[in-house]
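Q: Quick one: this structure, given as structure tokens, is what I'll be asking you about.
The values are calculated or read from the model by the stated rules, or taken from the named source; none is laboratory data. Model, not experiment: these values are computed from the prediction. Methodologically, a virtual Cβ is constructed for each residue, glycine included, from the backbone with ideal geometry; neighbour enumeration extends over all protein chains shown.
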Amino acid sequence: MTRVAPQAQRRESEDSSLEALLSNLGQDVVQVVAAPHGLDVPVGDLVIYDSTESSAISEGALVLGAGVRPDTPHGESMLEAAASGHACAR
């Protein structure tokens, strides 16, 4: 069994937070529309939203809506789907 030092465990969990991800990507790449539990949350699965498919959105998922504006019917559908799946951010 491999043991991980406590410092490495903390760094791994910090790197997988929504806040760390956003910091690494920058505002020019991704914009948060909704983060109901704030930015200091772990990021789960990545889901690329497609309004023509029924993608499973698991709890803690990060939902990306490439080219989807939040103030459109597609955007509203994406936000509703992400909220019902308890995504970490959309």
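Q: Residues of the stretch 58-90 being within 10 Å of the chain's Cα centre (by Cα), free of Cβ contacts under 8 Å to residues at least 40 places away in the same chain and surrounded by 19 or more Cβ atoms within 10 Å (Cβ to Cβ), which ones?
A: Matches in the stretch 58-90: 61, 63.
Q: Which residues, counting only those in the stretch 45-54, are more than 9 Å from the chain's Cα centre (by Cα) and either surrounded by 14 or more Cβ atoms within 10 Å (Cβ to Cβ) or within 12 Å of residue 66 (Cβ to Cβ) (or both)?
A: Correct list: 48, 49, 50, 51.
Q: When the residues of the stretch 80-90 are filtered to those that are in contact with a strand residue (DSSP E or B) (Cβ under 9 Å, 6 or more places away or on another chain) and not small (Gly, Ala, Ser), which remaining residue is modelled with the highest pLDDT?
A: Step one: filter the stretch 80-90 for residues in contact with a strand residue (DSSP E or B) (Cβ under 9 Å, 6 or more places away or on another chain), giving 81-82, 85, 87-90.
Imposing the further condition that a residue be not small (Gly, Ala, Ser) reduces the set to 88, 90.
Working: 88: 78, 90: 64.
So the residue we want is 88.
Q: So which pairs qualify, if the first residue must be in the stretch 25-44 and more than 21 Å from residue 66 (Cβ to Cβ), the second must be surrounded by 14 or more Cβ atoms within 10 Å (Cβ to Cβ), the Cβ gap must be under 7 Å, and the two must be at least 6 apart or on different chains?
A: Partner pairs satisfying both residue conditions: 37/88; 40/17; 40/19; 41/17; 41/18; 41/88; 42/17; 42/60.
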